[in-house]
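To start, the structure itself, in structure tokens.
The values are calculated or read from the model by the stated rules, or taken from the named source; none is laboratory data. All values reported here derive from a predicted model rather than from experimental measurement. In this analysis, Cβ positions are derived from the backbone assuming ideal geometry, glycine residues included, and neighbour counts consider all displayed protein chains.
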Amino acid sequence: MKSTVEQLSPTRVRINVEVPFAELKSDFDKAYKALAQQIRLPGFRPGKAPARLLEARVGRGAVLEQVVNDALPSRYSEAVTSAGVKAIGQPEIEVTKIEDGELLEFTAEVDVRPEIELPDFSSINVEVDPIEITDEAIEEQLLSLRQRFGTLTGVDRAVEDGDFVSIDLSATVDGENVAEATASGLSHEVGSGQLIEGLDEAIVGLKAGESKDFTSTLVAGEYAGKEAVVTVTVQTVKERELPAEDDEFAQLASEFDTLEELKADLRERVARVRKVEQAGQIRDKVLEQLLETVEVPLPEAVVKAEVDAALHDAVHGLDHDEEALNKLLEEQGSSREEFDKDAQEAAERSVKTQLLLDSIADAGNVTVGQDELTERILFQAQRYGMAPEQFIQQIQQANQLGAVFADVRRGKALASVVESAGVKDTSGAVVDTAELFGSSEDETEADASDSAESEDK
């Protein structure tokens, strides 16, 4: 087999492939074997009919078509590998010549990863917010903990923000009752905004047994997007009584004996959260600077595939009706033009990010260990509320294991850039990124340790 590569653009190539028929013998054998199982010829056991008789029955053209269709994927993959082409996306394959008994020729056009000129990462400088742990933040955490251990007590007064109420709801649209918007005995925390828009404002000031009408736009069901007149009736009103801030509460809510010990622990928790937030801000700003400064040619077909995927997700819940999507966007104060523009921009940014981080990973010889891959899978399984085994089975069935691997590798590539970048907070203090992200030296030592342990075993 011979193959040559033509560079059509920085992101697209054409691969020209010539396959002598002598190299297709195994493909012909496979085709005849399949035909022999499908066709019964008198005098021959199933699967034993000679090739020439099978060919006489179905015609040479049908055999050639089957052989070519079966041979193209493997020969394309072989050509890509031998030429070192970094293909992305699906190829467009065209058979250009079939000389029966002599030669098969075809071309494959496919998007490829472009060559990207990477900057000196030490020239990247970003500024982030400092880590601040205020007494107010500690008190917020303590209040949240007290609320978890609070008790609800009935009160004979008008509803206030933060109260817990039991309510009945009904709604009409143009005088017609909306069945799916009717409910009795609903529990609701006033101010949470978890039910119908405008509900909290309507409830405040009502007493048990009182009702009020208000207007709201329905978001689901037959009347989605329609303005409805909603009637709310308050059945009961309860307020939450919080336990006192003392040592007794600390013993009830934690493993600590005193309130001061509990507060100290809460301070440490807040500090960890702030460090995670700062690390996220550093990653985002470093990536943003990379995207702004590095030129990345974009493969059109890959970008289009992402745009198409966004549209598919948007119409999936609308019976794939684009007109319904257009109508919904108008009701939300947007338009199809805005949707398409946003989808295009998001796709371009996503593809640019992936290509850039993949190039950084290649340049830095970034690898992903089994432990790192397992850790990411466990994290995502927990995030989706699934058992790890179930999640692994699901991503394997969807052929998404490679995507998870790539995501971990890109994350490590970005972390390597952060390690080289200059990072300060807004007060001028230098941020120790090694403390937040670890360092390549730490990783090397860990790898060496793992290797030593393996040798000891």
Original post:
Would you pick out the residues in segment 59-99 that are within 14 Å of residue 19 (Cβ to Cβ) and hydrophobic (A, V, I, L, M, F, W, C)?
Top reply: 64, 67, 68, 71, 72, 79, 93, 95, 98
Subject >> Hey, residue 296 over 19 Å from the mean Cα position of the chain (by Cα) and β-branched (Val, Ile, Thr) or not >> reply: yes
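Condition check ((1) closer than 23 Å to residue 291 by Cβ; (2) loosely packed, with under 14 Cβ neighbours inside 10 Å; (3) modelled with pLDDT under 90) across all residues:
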{"site": "343", "(1), (2), (3)": "yes, no, no"}
{"site": "350", "(1), (2), (3)": "yes, no, no"}
{"site": "372", "(1), (2), (3)": "no, no, no"}
{"site": "380", "(1), (2), (3)": "no, no, no"}
{"site": "412", "(1), (2), (3)": "yes, no, no"}
{"site": "421", "(1), (2), (3)": "yes, no, no"}
{"site": "444", "(1), (2), (3)": "no, yes, yes"}
Original post:
With respect to the numbered conditions (1) over 32 Å from the mean Cα position of the chain (by Cα); (2) more than 30 Å from residue 90 (Cα to Cα); (3) at pLDDT 95 or above, which one is the sole condition not fulfilled by residue 178?
Top reply: (3)
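One line per residue, one yes/no per condition, for (1) touching a helix residue (DSSP H, G or I) at 6+ places or on another chain (Cβ under 7 Å); (2) more than 30 Å from residue 84 (Cβ to Cβ); (3) without any contact (Cβ under 8 Å) to a residue 24 or more places away in the chain; (4) not assigned by TED's automatic domain parsing to the domain that holds residue 19:
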position: 106; (1), (2), (3), (4): yes, no, no, no
position: 163; (1), (2), (3), (4): no, yes, no, yes
position: 197; (1), (2), (3), (4): no, yes, yes, yes
position: 201; (1), (2), (3), (4): no, yes, yes, yes
Original post:
Could you count how many residues in segment 78-114 are loosely packed, with under 11 Cβ neighbours inside 10 Å and within 28 Å of the chain's Cα centre (by Cα)?
Top reply: 0
**OP:** Return a yes/no flag: does segment 75-85 have any residue that is part of a helix (DSSP H, G or I), over 30 Å from residue 296 (Cβ atoms) and not hydrophobic (A, V, I, L, M, F, W, C).
**Re:** yes
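One line per residue, one yes/no per condition, for (1) part of a strand (DSSP E or B); (2) within 38 Å of the chain's Cα centre (by Cα); (3) over 18 Å from residue 214 (Cα atoms):
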| position | (1), (2), (3) |
| --- | --- |
| 157 | no, no, yes |
| 162 | no, yes, yes |
| 165 | yes, yes, no |
| 171 | yes, yes, no |
| 188 | yes, yes, no |
| 192 | no, yes, no |
| 195 | no, yes, no |
Subject >> For residue 407: the one exception among (1) of a type in the set (Asp, Glu); (2) farther than 23 Å from residue 350 by Cα; (3) under 14 Å from the mean Cα position of the chain (by Cα) >> reply: (2)
Subject >> Among the residues listed as 184, 211, 170, the single one being over 30 Å from residue 247 (Cβ atoms), surrounded by fewer than 12 Cβ atoms within 10 Å (Cβ to Cβ), in contact with a strand residue (DSSP E or B) (Cβ under 9 Å, 6 or more places away or on another chain) and of a type outside the set (A, V, I, L, M) >> reply: 184
Subject >> Residue that is surrounded by the most Cβ atoms within 10 Å (Cβ to Cβ), among those in segment 382-410 that are within 21 Å of residue 355 (Cβ to Cβ) and among the polar types (S, T, N, Q) >> reply: 400
